[in-house]
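Notes follow the structure.
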Amino acid sequence: MSCDVSPEEKASLVEELQEIKSILNELQATGDGTLWGFVLWAITFVGLVAGVISLQKWLPGFLTILSKKTDTKIDDLAVVLFTLWLKLEFTIPLCGYVAGTVFSAGYYIDIASRSALIGVGAYKAVKTLDVLLGFVIKDYVGESEAKYNISHNVKKVASIVFYSLAVVFILDNLGFQMSTLVAGFGIGGLGVALAAQSVLGDAIASMSIFIDKPFEVGDVVSVAGVTGSVERIGLKTTRIRAVSGELIVIPNSTISESTIQNFNSTWSAQFIDIGISLRTPREQLRKVPEILHEGLVSPKFEVTEVIFKGRGEYALHFEIRYRIPSGAFREIRAALSEINFLVHDTLASHDIIMPLPCRISIPAANSNLF
């Protein structure tokens with residue numbers, strides 16, 4: 001079937017389009033700033049909003065169905081961002097602004113719609129950057145609850161920067177002289193930075209903890225003279241539950257300047273010292289390492305070395321080194337308790353005495369004891 005159009009029909013179509021264009025131009029010229037212009041603006045605005053609402057009802061669901069057919073996360077991210085921008089808090093100001101570019105509803109309505117579009121658009125841009133940053137951090141850090149605090153700190157700092165830039169953008173588009181404001185902010189910011197050097201240092205140290213990852217929430221660490229389990233890594237401080245039970249709050253700058261021991265690895269090395277009687281026979285003394293190796297057997301730990309350290313004031317001292325298949329604080333204490341029980345039972349079964357310190361007090365010559 002032929003779809004050819006004759007020259008006469010083409011000319012007629014062009015004339016009709018020109019007539020429609022002239023009518024729209026005439027309506028726009030006669031309607032700017034008048035009641036008729038407001039009516040035309042309202043009709044256009046309502047039509048655009050109705051189209052957006054109908055688009056909201058089926059397009060997100062359609063895109064979600066398409067994204068489920070793939071294994072990549074990029075399309076899921078695209079659906080989230082599209083849904084974010086398609087919400088009414090952005091589309092209504094957008095429809096008002098678009099309608100105002102065709103028919104003017106009056107000075108104040110045009111300014112209001114433009115200002116609302118700038119403000120909501122800047123907010124949506126910040127939320128978009130926040131979603132993108134969260135996607136990147138989640139992919140880099142992972143979904144572990146132990147890593148939540150560090151990623152939350154990064155997002156908090158980034159949000160402050162994003163919202164500050166958004167405020168500057170909004171004020172600039174509303175006609176404010178930003179050069180004067182920025183200069184004022186610069187001087188004020190310098191004063192704040194000088195007054196809060198320690199806070200800024202802790203915040204930067206928090207970022208270094210996020211990048212370098214010397215420990216995570218739940219790890220057992222020893223830092224700045226404190227040993228315990230990390231409960232929270234904040235923007236300024238890190239909270240550590242000490243061995244004795246109290247909560248220790250340490251500035252992040254102090255942590256970054258200290259040597260950190262992280263016991264949360266696949267295994268943890270520990271040691272204890274024990275003492276046996278000075279009267280232990282030489283033959284039995286030489287057998288003590290072998291006796292302890294044979295007797296100290298438990299699934300909670302593995303003895304790696306037993307050495308005779310030397311003679312003390314009240315006992316002959318041995319050092320027992322052992323390893324634990326965990327770095328968790330509870331497992332370390334459970335293994336310590338178990339090995340102490342086994343040391344006592346093993347030495348008692350071989351009649352090896354663990355002495356107590358003895359002191360002999362000689363009363364003075366003028367004492368009334370005798």
- Quick one: which residue in 230, 220, 226, 199 is outside the structural domain of residue 340 (by TED's automatic domain parsing), farther than 19 Å from residue 157 by Cβ, surrounded by 12 or more Cβ atoms within 10 Å (Cβ to Cβ) and at pLDDT below 85? 220
- Item | Tally, over segment 225-241, of residues that are in contact (Cβ under 8 Å) with a residue 60 or more places away in the chain and of a type in the set (S, T, N, Q) | 1
- Any residue at all in segment 242-254 that is buried (at least 19 other Cβ atoms within 10 Å of the Cβ), among the aliphatic types (A, V, I, L, M) and either free of Cβ contacts under 8 Å to residues at least 60 places away in the same chain or touching a Ser or Thr at 6+ places or on another chain (Cβ under 6 Å) (or both)? no
- Message: Consider segment 256-277. How many of its residues are in a strand (DSSP E or B), touching a Phe, Trp or Tyr at 6+ places or on another chain (Cβ under 9 Å) and touching a residue at least 60 places away in the same chain (Cβ under 8 Å)?
- Response: 6
- Message: List the residue pairs whose Cβ atoms are under 9 Å apart, where the first residue sits in segment 49-63 and is more than 15 Å from residue 96 (Cβ to Cβ), the second is charged (D, E, K, R), and the two are 6 or more positions apart or on different chains.
- Response: 56/87; 63/75
- Item | Complete set of residues in segment 286-309 that are closer than 12 Å to residue 347 by Cβ, among the hydrophobic types (A, V, I, L, M, F, W, C) and more than 48 Å from the chain's Cα centre (by Cα) | 288, 291
- Given the structure, is residue 333 out of contact with any strand residue (DSSP E or B) (no Cβ under 8 Å at 6 or more places or on another chain) and basic (Lys, Arg)? yes
- Note on the structure: When residue 307 is run through (1) touching a Pro at 6+ places or on another chain (Cβ under 6 Å); (2) at pLDDT 90 or above, the failure sits at (1)
- Only residues that are part of a loop (DSSP other than H, G, I, E, B) and among the β-branched types (Val, Ile, Thr): list them for segment 222-255, please. 243
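So that you can scan it fast, the table gives a plain yes or no per residue for (1) buried (at least 18 other Cβ atoms within 10 Å of the Cβ); (2) hydroxyl-bearing (Ser, Thr, Tyr); (3) out of contact with any Leu (no Cβ under 6 Å at 6 or more places or on another chain):
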position: 49; (1), (2), (3): no, no, yes
position: 56; (1), (2), (3): no, no, no
position: 74; (1), (2), (3): no, no, yes
position: 87; (1), (2), (3): no, no, yes
position: 118; (1), (2), (3): yes, no, yes
position: 122; (1), (2), (3): yes, no, yes
position: 134; (1), (2), (3): no, no, yes
- Message: I'd like the full set of residues that are surrounded by fewer than 18 Cβ atoms within 10 Å (Cβ to Cβ) and either touching a residue at least 24 places away in the same chain (Cβ under 8 Å) or of a type in the set (Val, Ile, Thr) (or both), limited to segment 99-115.
- Response: 101, 102, 106, 107, 111, 115
- Go through segment 310-338 and give me each residue that's over 20 Å from residue 285 (Cα atoms) and of a type in the set (A, V, I, L, M). 324, 328, 332, 334, 335, 336
- Message: Every residue in segment 278-298 that is assigned to a loop (DSSP other than H, G, I, E, B) and loosely packed, with under 15 Cβ neighbours inside 10 Å, please.
- Response: 278, 279, 281
- For segment 328-337, state whether one or more residues are surrounded by 12 or more Cβ atoms within 10 Å (Cβ to Cβ), modelled with pLDDT of 90 or more and among the acidic types (Asp, Glu). no
- Task: Return the total of residues in segment 253-288 being of a type in the set (D, E, K, R) and either in the same structural domain as residue 221 (by TED's automatic domain parsing) or within 30 Å of residue 211 (Cβ to Cβ) (or both).
- Result: 1
- List the number of the failed condition for residue 33; all other conditions in (1) touching a Ser or Thr at 6+ places or on another chain (Cβ under 7 Å); (2) at pLDDT 75 or above hold. (2)
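The values are calculated or read from the model by the stated rules, or taken from the named source; none is laboratory data. Small disclaimer: the values here were computed from a predicted structure and weren't measured. Reconstructed Cβ throughout: ideal geometry from the backbone, glycine too, with neighbour counts over all protein chains shown.
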